[in-house]
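Some notes on the structure that comes next.
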């Protein structure tokens with residue numbers, strides 16, 4: 001009988017605990033990493049500069065009689081600087097969207113790797129354009 005009363009006492013204490021008002025605020029849930037970190041701001045700024053340099057060097061190369069090698073960008077760049085601007089904006093937006101999608105799905109390492117790959121490839125394209133123009 002003593003054990004039964006002890007169990008009932010503990011059960012009633014536990015049920016009564018649920019009825020007490022919460023006096024302390026609940027801790028905040030862990031938040032996501034912010035997307036616009038200093039690293040991403042610098043990375044996208046550098047990418048925007050490289051895309052602009054690619055557009056300028058591509059137009060100079062076309063004026064010297066060269067041909068656009070990228071078949072996806074060819075319809076844009078043959079329309080002059082306005083078409084080049086549209087194509088560059090689409091490419092930059094696709095890069096931004098890819099990195100944001102990786103961030104949103106919590107693939108933070110893949111986000112950083114993708115950003116650095118885009119910077120490296122775009123740097124290579126600009127250097128290739130400069131070398132081709134100077135020949």
Inset, instruction - With the condition kept exactly as written, say whether any residue in the range 20-38 is under 26 Å from the mean Cα position of the chain (by Cα), part of a helix (DSSP H, G or I) and at pLDDT 90 or above. - result: yes
Legend entry - Total residues in the range 57-68, condition surrounded by 15 or more Cβ atoms within 10 Å (Cβ to Cβ) and without any contact (Cβ under 8 Å) to a residue 24 or more places away in the chain: 2
Inset, instruction - Could you tell me whether the range 125-134 includes any residue that is closer than 13 Å to residue 50 by Cα, in a helix (DSSP H, G or I) and out of contact with any helix residue (DSSP H, G or I) (no Cβ under 8 Å at 6 or more places or on another chain)? - result: yes
Inset, instruction - Would you check if there is a residue in the range 69-89 being in contact (Cβ under 8 Å) with a residue 12 or more places away in the chain, within 14 Å of residue 125 (Cα to Cα) and in a helix (DSSP H, G or I)? - result: yes
Inset, instruction - Test residue 46 against the criterion of being assigned to a helix (DSSP H, G or I), touching a residue at least 60 places away in the same chain (Cβ under 8 Å) and surrounded by 14 or more Cβ atoms within 10 Å (Cβ to Cβ), and give yes or no. - result: yes
Inset, instruction - From (1) in contact (Cβ under 8 Å) with a residue 60 or more places away in the chain; (2) closer than 21 Å to residue 130 by Cβ; (3) surrounded by 14 or more Cβ atoms within 10 Å (Cβ to Cβ), pick out the condition that doesn't hold for residue 112. - result: (2)
Inset, instruction - Check whether at least one residue in the range 90-97 is surrounded by 12 or more Cβ atoms within 10 Å (Cβ to Cβ) and either outside any helix (DSSP H, G or I) or on the phi > 0 side of the Ramachandran plot (or both), and report yes or no. - result: no
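The values are calculated or read from the model by the stated rules, or taken from the named source; none is laboratory data. Every value quoted in this text rests on a predicted model; they were computed, and no experiment measured them. Cβ: placed from backbone, ideal geometry, glycine included. Neighbour counts: every protein chain shown.
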